[in-house]
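The values are calculated or read from the model by the stated rules, or taken from the named source; none is laboratory data. Note that the structure is a prediction, hence the values are computed from the model and not measured. All Cβ positions, glycine included, derive from the backbone under ideal geometry; neighbour counts span all protein chains shown. Keep in mind that these areas ignore ligands, DNA and RNA; they rest on the heavy atoms of the full protein, side chains included. Shrake-Rupley method; radii C 1.70, N 1.55, O 1.52, S 1.80 Å.
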Amino acid sequence: MTTPDHPSPVQGPTQPESPDRVYRSPSALVAGVLLLGIAAWLGGDALFAGHGRTPWLALATLLLVVPLVIAFTLRPVVLANDHRLRVRNPFRIVVLPWGAVAGFRSGFSNEVVVGSGAKYQLWAVPVSLRARKRANRAMMRQTREAGGTAGRTPLVPSGPTRAQTDQIMDDLGRLREAREEAATSQGEVTVKWAYEIMAPAAAGAVLLAILLAVG
């Protein structure tokens, strides 16, 4: 099995891709759009109306900031179908056939674990401790209410009693269990770095450092 340092192409029977289930963070998308709007407003004004070194400083800052905002807000997504899990994180894309996935782990972050022990964070499915506590309180309240109803047999609590991201992890776990033995779900983990994000951000950082150094 490959590791992040030694990616290799996916192997296995070639089959048409099934429709993807798409998981993203709505709050991250909203934050990304707002931050890009602010960057365009402030940076554009400095770039086109500034004097002296100001336009160059604005250009360097935009080259650095815009790719990073996109990387951490708009870019992350988890795509799951019958054959594989595709995780697009800020700086890399990880493709994991279901047969290579050992399980999922949830703590302060949600992660997918492969057989070799390597793990990859699911940036698009962030953990909300507040939502988890709220869901746990709702579950305990429903359990108490169900136990206090007429009759001696407690009723099964109804309605959603899990945080949304925990429900997503449950869905992914069930999909893995259903598809991990399929012939089309076999292969090796592949990792691709997002140079289209890293290169402009690095160029912006270098340009900004030079401008600040020369004064």
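Looking only at region 185-211, how many residues end up being open to solvent by less than 30 Å² (accessible area, probe 1.4 Å) and over 20 Å from Ala58 (Cα atoms)? Spell out the reasoning first.
Initial filter on region 185-211 (open to solvent by less than 30 Å² (accessible area, probe 1.4 Å)): 185, 187, 189-191, 194, 197, 201, 204, 211.
Within this subset, residues satisfying the condition of being over 20 Å from Ala58 (Cα atoms) are 185, 187, 189-191, 194.
Result for region 185-211: 6.
Name the residues in region 81-98 that are under 17 Å from Gly187 (Cβ atoms) and out of contact with any His (no Cβ under 8 Å at 6 or more places or on another chain), would you? Walk me through it before giving the result.
To start, the set of residues in region 81-98 that are under 17 Å from Gly187 (Cβ atoms) comprises 81-87, 93-98.
Once the filter is applied, which keeps residues that are under 17 Å from Gly187 (Cβ atoms) and out of contact with any His (no Cβ under 8 Å at 6 or more places or on another chain), region 81-98 yields Asn81, Asp82, His83, Arg84, Leu85, Arg86, Val87, Ile93, Val94, Val95, Leu96.
Since Thr61 meets every condition but one in (1) surrounded by 15 or more Cβ atoms within 10 Å (Cβ to Cβ); (2) in contact with a strand residue (DSSP E or B) (Cβ under 7 Å, 6 or more places away or on another chain); (3) modelled with pLDDT of 95 or more, which condition does it not meet?
Against the list (1) surrounded by 15 or more Cβ atoms within 10 Å (Cβ to Cβ); (2) in contact with a strand residue (DSSP E or B) (Cβ under 7 Å, 6 or more places away or on another chain); (3) modelled with pLDDT of 95 or more, Thr61 comes up short only on (2).
Can you tell me which residues in region 84-98 are closer than 20 Å to Asp170 by Cβ and outside any strand (DSSP E or B)?
Trp98
Taking the criterion of being part of a helix (DSSP H, G or I), more than 25 Å from Tyr23 (Cβ to Cβ) and at pLDDT 95 or above, would at least one residue in region 186-199 satisfy it?
Going through region 186-199, the residues part of a helix (DSSP H, G or I) turn out to be 195-199.
Restricting the remaining residues to those that are more than 25 Å from Tyr23 (Cβ to Cβ) gives 199.
Imposing the further condition that a residue be at pLDDT 95 or above reduces the set to 199.
Within region 186-199, one or more residues are part of a helix (DSSP H, G or I), more than 25 Å from Tyr23 (Cβ to Cβ) and at pLDDT 95 or above.
Return yes when Val87 is surrounded by 20 or more Cβ atoms within 10 Å (Cβ to Cβ), in contact (Cβ under 8 Å) with a residue 60 or more places away in the chain and β-branched (Val, Ile, Thr) and no when it is not. So that I can check it myself, show each step before the final result.
Numbers: surrounded by 20 or more Cβ atoms within 10 Å (Cβ to Cβ): yes; in contact (Cβ under 8 Å) with a residue 60 or more places away in the chain: no; β-branched (Val, Ile, Thr): yes.
Judged against the criteria, Val87 is not a match.
Filter region 99-117 for residues that are outside any strand (DSSP E or B) and modelled with pLDDT of 95 or more; which is farthest from Ser185 (Cα to Cα)? Give the derivation first.
Narrowing region 99-117 to residues outside any strand (DSSP E or B): 99-100, 107-109, 115-117.
So of that shortlist, the ones also modelled with pLDDT of 95 or more come out as 99-100.
Values: Gly99: 5, Ala100: 8 Å.
The extreme case among them is Ala100.
Quick one: is Thr143 at pLDDT below 95, touching a Pro at 6+ places or on another chain (Cβ under 6 Å) and open to solvent by 60 Å² or more (accessible area, probe 1.4 Å)?
Considered against the rule, which asks whether it is at pLDDT below 95, touching a Pro at 6+ places or on another chain (Cβ under 6 Å) and open to solvent by 60 Å² or more (accessible area, probe 1.4 Å), Thr143 comes out as yes.
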